[in-house]
Amino acid sequence: MGSLAYDITLANNQLTLSNVYTPKDNGKTTTHISVADAQTLKPISYTSDRKETKLNLDFTDPITGNYYSKKTKKDKKLKLNPTEPFIDFNWTDHMIGTLPLDVGYKARFFQFYYNDESKVLTEPYSVKEVKSFSYYSPRTGKHDTWLVTVSEESTGAVYNYIIDKKDHRLWQREMSMGKGMWEITVNEELDYQPIKSKFNKEQVVQQISKGNSVIIGTAYARANSGKKLGGLVNTAKKQYAPKGTEITLFPSSDYYEEWVEVNKKIRKQKKMPEVPLHSDFGYSVKKAKVYDDEGHFEFLDLMPGTYVVMASFDFSNSYNYSYVSGYTNYYNYWGYAGSTTNYGTARSSYIDKANIEKRVTISKDGEKIETNLKEM
């Protein structure tokens with residue numbers, strides 16, 4: 001449906017929650033700003049800007065505020081008197097994680113929500129069930145969580161909250177919408193930053209386009225780079241990358257080297273998904289193609305620095321082998337006297353793949369570096 005972004009700040013013992021919903025078609029955003037006491041979550045003020053309305057509330061006693069209809073262009077002064085203690089509905093998702101959750105935990109609370117077409121100001125909600133649950137994040141793997149089921153008493157609507165047992169993070173919220181439909185909101189973990197080094201987009205763009213140095217090279221696989229068949233080795237000394245093979249180059253950096261090491265540890269532990277490259281990493285990548293039948297390629301306009309050069313290509317490995325073609329039997333006056341094995345020779349081939357990565361350093365501007373990109 002879209003994205004829901006929460007931003008919570010603390011100042012003067014008050015929490016300010018900015019809640020911005022953006023539809024997937026990048027249409028009109030809906031903004032809610034709710035201020036509450038940092039210790040009790042008791043509401044202090046609330047403003048919203050929706051497609052058809054604006055609402056401002058001060059949670060004094062009584063509640064005062066203003067409701068504006070963009071359709072009729074009319075203001076309506078508000079004076080509201082709810083009878084039960086309540087929290088602003090904007091804080092419910094976050095309040096659930098502050099409860100002393102445990103297996104079998106029960107609770108009841110009232111949620112305030114203003115609807116100009118209804119006289120009901122607060123609705124009771126019940127925590128019906130809390131049980132242990134295993135949640136899998138596509139970024140950080142498995143987490144031990146609580147599955148909290150909450151019911152809206154007046155309508156029977158069901159909310160399922162998945163709350164982390166350790167840090168009380170809200171991983172997922174499911175809301176029943178009737179007719180078998182559910183709205184599911186999933187935490188995208190925008191705070192997940194296992195790579196501490198920063199990726200500098202502007203720097204890498206200049207590094208691959210504003211210099212006067214060149215790297216020229218040859219990409220090929222060695223005879224023994226592929227698999228062996230029966231211990232027999234390819235007879236050709238070099239297998240050049242075919243004409244048109246794409247060669248990739250990008251500047252090495254603290255960010256990239258840390259990314260390599262982090263993912264190496266993740267693969268070893270086998271507990272969580274690998275970390276993807278920064279979304280702007282593509283700006284650091286430069287491409288070239290092998291332009292002849294001997295694996296030659298060129299990169300121009302490079303600044304001094306260390307570069308990672310990569311290639312991947314298929315090649316045909318051919319080899320000679322011998323085989324048993326038959327036997328020669330010998331006989332004498334007394335009968336069978338023995339035999340010898342006859343051997344033949346033949347030539348065959350198979351398709352293999354070369355994956356090559358090499359670091360090449362340019363020391364000064366204007367330098368011309370020649371390199372062999374080879375798989376040994």
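For the chain, what is the relative contact order in percent, using Cα pairs closer than 8 Å and at least 6 residues apart in sequence?
Relative contact order for the chain comes out at 11 percent.
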Notebook entry, point to check: Can you give the extra length, in nm with one decimal, that the chain gains between Thr140 and Lys198 once fully stretched, where that is 0.36 nm per residue apart less the Cα-Cα distance?
Noted result: 18.9 nm
Margin query: Place a point 7 Å from Cα of Gln269 in the direction of its Cβ. Which residues in the range 113-148 have their backbone N less than 18 Å from it?
Written below: 135-145
Note to self: Computing the accessible area with a 1.4 Å probe over protein heavy atoms, can you report the carbon and sulfur percentage for the range 96-150?
What the structure shows: 52 percent
Checklist line | lysines with Cα under 24 Å of Lys179, excluding same-chain neighbours fewer than 8 positions away | finding: Lys24, Lys128
Next item on the list: In whole Hz, with x marking every Gly and Pro, tabulate ³J(HN,Hα) for the range 162-169 from phi via Karplus 6.51 cos²θ - 1.76 cosθ + 1.60, θ = phi - 60°.
Entry: 9, 10, 5, 5, 8, 10, 6, 5
Next item on the list: Using per-residue counts of other Cβ atoms within 10 Å, averaged over each peptide, order 207-220, 15-28, 139-152 from highest down.
Entry: 207-220, 139-152, 15-28
Next item on the list: Any chance you could run the full-extension gain for His278 through Ala38? It's 0.36 nm times the residue separation minus the Cα-Cα distance, nm to one decimal.
Entry: 82.9 nm
Check: Which residues' amide hydrogens lie under 5 Å from the amide hydrogen of Gly211, considering only partners 5 or more residues apart or on another chain, with H built in the peptide plane?
Finding: Leu302, Met303
Margin query: Using +1 at the C-beta of Lys and Arg and -1 at the C-beta of Asp and Glu, which of Leu10, Gly97, His143 has the Cα lying farthest in the positive direction of the dipole of the chain?
Written below: His143
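Taking R0 as 35 Å, what's the FRET efficiency between Thr306 and Ala5 from their Cβ-Cβ distance, rounded to 0.05? Walk me through the intermediate numbers first.
Values: r = 38 Å, r/R0 = 1.09.
Efficiency at R0 = 35 Å is approximately 0.40.
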Next item on the list: Note the listed values (i) 19.9, 62; (ii) 20.7, 67; (iii) 34.2, 128, then indicate which one is Rg and Dmax of the Cα atoms in Å calculated from this particular structure.
Entry: (iii)
Next item on the list: Specify, per residue and in Å³, the volume enclosed by the convex hull of the alpha carbon atoms belonging to the range 248-316.
Entry: 130 Å³
Check: If amide H atoms are built 1.01 Å from N in the plane of the peptide, which residues on other chains or at least 5 residues away come under 5 Å of the amide H of Ala38?
Finding: Gln14, Leu15
Next item on the list: Give the long-range amide H neighbours of Tyr220: residues separated by 5 or more places, or on another chain, with amide H under 5 Å away, using H modelled in the peptide plane at 1.01 Å from N.
Entry: Ala241, Leu373, Lys374, Glu375
Checklist line | Candidate lysines - alpha carbon under 28 Å from Lys270, same-chain residues fewer than 8 apart omitted | finding: Lys131, Lys142, Lys165, Lys166, Lys196, Lys198, Lys227, Lys353, Lys358
Next item on the list: For the chain, find the longest principal axis of its Cα atoms and tell me its angle to the long axis of helix 254-269, 0 to 90°, nearest 10.
Entry: 90 degrees
Checklist line | Environment charge of Thr47, counting only residues whose C-beta is closer than 12 Å and scoring Lys/Arg +1, Asp/Glu -1 | finding: -1
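Full-extension gain between Lys368 and Asp314, please, as 0.36 nm times their residue separation minus the C-alpha to C-alpha distance. Could the numbers behind the result be given before it?
Working: separation 54, 0.36 × 54 = 19.44 nm, distance 2.85 nm.
In short, 16.6 nm is gained.
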Check: How large is the helix-only mean residue ellipticity at 222 nm for the chain, computed as the sum of -39500 (n - 2.57) over DSSP H runs with n ≥ 4, divided by its residue count, in deg cm²/dmol to the nearest 500?
Finding: -2000 deg cm²/dmol
Notebook entry, point to check: Using the per-residue mean of other Cβ atoms lying within 10 Å as a proxy for protection, in what order, highest first, do the peptides 240-250, 265-275 fall?
Noted result: 240-250, 265-275
Next item on the list: Determine ³J(HN,Hα), in whole Hz, for all residues of the range 285-291 in sequence, where each value follows from phi through the Karplus function 6.51 cos²θ - 1.76 cosθ + 1.60 and θ = phi - 60°; x replaces Gly and Pro.
Entry: 8, 10, 10, 9, 10, 4, 9
Notebook entry, point to check: Roughly how many nanometres apart are two label points built 7 Å out from the Cα toward the Cβ at Met177 and Asn355?
Noted result: 4.1 nm
Check: If all Cα-Cα distances of the range 158-229 are sorted into 5 Å bins from 0 onward, what percent lands in each bin, rounded to whole numbers?
Finding: 3, 9, 9, 9, 8, 7, 8, 9, 8, 9, 11, 6, 4, 0
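Before I look further, what does the chain give for accessible area per residue, probe 1.4 Å, in whole square angstrom?
Details: 22870 Å² over 376 residues.
Ligands and nucleic acids excluded, the figure is 61 Å² per residue.
Taking 35 Å as R0, compute the FRET efficiency from the Cβ-Cβ separation of Ser69 and Asn12 and round it to 0.05.
Computed FRET efficiency for Ser69 and Asn12: 0.55.
The values are calculated or read from the model by the stated rules, or taken from the named source; none is laboratory data. In this text, all values refer to a predicted model and were calculated from it rather than measured experimentally. For neighbour counting, all protein chains shown are included, and Cβ atoms are generated from backbone atoms with ideal geometry for every residue, glycine included. Note: areas computed on protein heavy atoms with side chains; ligands, DNA, RNA excluded. Shrake-Rupley method; radii C 1.70, N 1.55, O 1.52, S 1.80 Å.
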